[in-house]
């Protein structure tokens, strides 16, 4: 199996993508598990991408971060990330009144944690400029 690693790009197929949702309190942190959903089945995301940048754009359309550096890319080709969301799993930004209420322990938000497995179909080494463009700062 080809490895997904920094400094490389290629074509990717998502083989598994689930999101675990936990209650999150500002003072107590992540708490009780409340839900799980499958991004492929439930959110109908695409599963094949011509670049890591395209894959991250698709995830960002579902509320996840838009920078590669906000993802954990593991040696087993799994990718992890999360976002803080409301009761409908919509992202809550730091400027949102719900976020301010959460910081003051007046509202519960939900941590949406992504666990995804990716198959590398084709790999190629990135140029320095391409690496900067998708968020790899230390090529």
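The values are calculated or read from the model by the stated rules, or taken from the named source; none is laboratory data. Fair warning: this is a prediction, and the values are worked out from it, not measured in the lab. Note that we place each Cβ from the backbone using ideal geometry, even for glycine, and neighbour counts take in every protein chain shown.
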Which ones in segment 71-89 are farther than 15 Å from residue 109 by Cβ, surrounded by 13 or more Cβ atoms within 10 Å (Cβ to Cβ) and in contact (Cβ under 8 Å) with a residue 24 or more places away in the chain? 73, 77, 78, 79, 81
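Can you say whether residue 95 is more than 17 Å from residue 14 (Cα to Cα), at pLDDT below 90 and part of a loop (DSSP other than H, G, I, E, B), as far as the supplied structure shows?
It is false that residue 95 is more than 17 Å from residue 14 (Cα to Cα), at pLDDT below 90 and part of a loop (DSSP other than H, G, I, E, B).
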Hey, among 107, 100, which residue is assigned to a helix (DSSP H, G or I), closer than 20 Å to residue 31 by Cα and at pLDDT 90 or above? 100
Odd one out for residue 36, checked against (1) farther than 21 Å from residue 11 by Cβ; (2) without any contact (Cβ under 8 Å) to a residue 24 or more places away in the chain; (3) under 18 Å from the mean Cα position of the chain (by Cα); (4) in a loop (DSSP other than H, G, I, E, B): (4)
